[in-house]
1. Return the residue satisfying two criteria in turn: it lies in the range 76-130 and is of a type in the set (Ser, Thr, Tyr) and open to solvent by less than 50 Å² (accessible area, probe 1.4 Å), and of such residues it is modelled with the lowest pLDDT.
2. I need every pair where a residue in the range 180-204 that is touching a residue at least 40 places away in the same chain (Cβ under 8 Å) has its Cβ under 6 Å from the Cβ of a residue that is part of a loop (DSSP other than H, G, I, E, B) and open to solvent by less than 60 Å² (accessible area, probe 1.4 Å), sequence separation at least 6 or different chains.
3. Filter the range 98-113 for residues that are touching a helix residue (DSSP H, G or I) at 6+ places or on another chain (Cβ under 6 Å) and of a type in the set (A, V, I, L, M, F, W, C); which is farthest from ASP151 (Cα to Cα)?
4. Filter the range 205-229 down to the residues that are surrounded by 10 or more Cβ atoms within 10 Å (Cβ to Cβ), farther than 14 Å from ASN242 by Cβ and of a type in the set (Ser, Thr, Tyr) and list them by number.
5. Confirm whether VAL174 is without any contact (Cβ under 8 Å) to a residue 24 or more places away in the chain, surrounded by fewer than 16 Cβ atoms within 10 Å (Cβ to Cβ) and either assigned to a loop (DSSP other than H, G, I, E, B) or under 16 Å from the mean Cα position of the chain (by Cα) (or both).
6. Consider SER155 carefully, then state whether it is under 24 Å from THR4 (Cα atoms), free of Cβ contacts under 8 Å to residues at least 24 places away in the same chain and either of a type in the set (A, V, I, L, M) or part of a helix (DSSP H, G or I) (or both).
7. With respect to LYS188, determine if the residue is open to solvent by 100 Å² or more (accessible area, probe 1.4 Å), closer than 27 Å to ILE161 by Cα and not hydrophobic (A, V, I, L, M, F, W, C).
8. Scan the range 95-117 residue by residue and report those that are out of contact with any strand residue (DSSP E or B) (no Cβ under 9 Å at 6 or more places or on another chain) and either among the basic types (Lys, Arg) or within 18 Å of SER130 (Cα to Cα) (or both).
Amino acid sequence: LTATQCGIPLHTPSHRNSMRGAQQFLPSATCVGDLLSSRGYYLSFLGGASTEFSGKGNMMKSHGFDEVLGLQELLTKNDDPDYKTGWGLFDDTLLDLMYSRFLELSKSEKNFALFGLTLDTHAPWLASKSCDGLKYQDGSNKMLNAVACSDYLISNLVKKIESSRFANNTIIVVASDHLAMNNSEWEKLEIVDRKNMLMIIDPSNLQSEKITRLGSTLDVAPTILSRIGMSLDLGLGRDLLNET
């Protein structure tokens, strides 16, 4: 998250994945939220897990986000408060809430950025109820079943946004946060060339262009921002679609 939002790697004096106890999260860094907020964007984050995990909510609030909602806040909007995992909300719940929020923010006619963080593909790999009957190949691998389910649900969200009356004023981004960690398919994954995903969809211009340049998660922010007319370098990040 720090790499994609701020273009810099996260280094902390204690645990490598936690800024939970910090009062401010990298206050001297300039991140996506700072840039968009300064240009009048309303910034909203919805995540299935608790916003306290590793200081995630603190990071957003330190860098221009107006609305940061996690498990505790979103559970009250869920019809079944018991429908959750040890991590948080299932993806079908989160993505439904995201689409509703997308419609609300779009109707406000104010520029906004809506971020969502899914978690069904995180261990212990539990697929959402909406995917009952959907399986990967013979269905024997629950991790791959969860991936197939998440793929299905995220695709549906993208299609709904593309079909909405707000589509032509919207840029959709689908991105992975990191490569898969040790799991039941580890031996197969380790022998192939793995890449993080960065997919940018402009419903008003569906011409396909493949990113062929080598890059990393540090380059995500400037690459996305260039699609909304903000061409800039951010930390160590560069626009991967820039010809130079």
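1. Keep residues of the range 76-130 that are of a type in the set (Ser, Thr, Tyr), which gives 76, 83, 85, 93, 99-100, 106, 108, 118, 121, 128, 130.
With open to solvent by less than 50 Å² (accessible area, probe 1.4 Å) added as a condition, the list becomes 83, 85, 93, 99, 106, 118, 128.
Details: TYR83: 92, THR85: 89, THR93: 96, TYR99: 98, SER106: 97, THR118: 94, SER128: 95.
Ranking the candidates gives THR85 first.
2. SER184/ASN141
3. Of all residues in the range 98-113, those touching a helix residue (DSSP H, G or I) at 6+ places or on another chain (Cβ under 6 Å) come to 99, 112-113.
Checking which are of a type in the set (A, V, I, L, M, F, W, C) leaves us with 112-113.
Working: PHE112: 25, ALA113: 22 Å.
Applying the filter and picking the extreme gives PHE112.
4. Result: SER216, THR217.
5. Details: without any contact (Cβ under 8 Å) to a residue 24 or more places away in the chain: no; surrounded by fewer than 16 Cβ atoms within 10 Å (Cβ to Cβ): yes; either assigned to a loop (DSSP other than H, G, I, E, B) or under 16 Å from the mean Cα position of the chain (by Cα) (or both): yes.
Against the criterion (without any contact (Cβ under 8 Å) to a residue 24 or more places away in the chain, surrounded by fewer than 16 Cβ atoms within 10 Å (Cβ to Cβ) and either assigned to a loop (DSSP other than H, G, I, E, B) or under 16 Å from the mean Cα position of the chain (by Cα) (or both)), VAL174 does not qualify.
6. Yes.
7. Against the criterion (open to solvent by 100 Å² or more (accessible area, probe 1.4 Å), closer than 27 Å to ILE161 by Cα and not hydrophobic (A, V, I, L, M, F, W, C)), LYS188 does not qualify.
8. Quick first cut of the range 95-117, residues out of contact with any strand residue (DSSP E or B) (no Cβ under 9 Å at 6 or more places or on another chain) only: 96, 99-100, 103-104, 107, 109.
Hits for the range 95-117 are ASP96, TYR99, SER100, LYS107.
The values are calculated or read from the model by the stated rules, or taken from the named source; none is laboratory data. Please read these numbers as outputs of a predicted model, since none were measured by experiment. Cβ sites come from the backbone with ideal geometry, for glycine too, and all protein chains shown count toward neighbours. Keep in mind that these areas ignore ligands, DNA and RNA; they rest on the heavy atoms of the full protein, side chains included. Shrake-Rupley method; radii C 1.70, N 1.55, O 1.52, S 1.80 Å.
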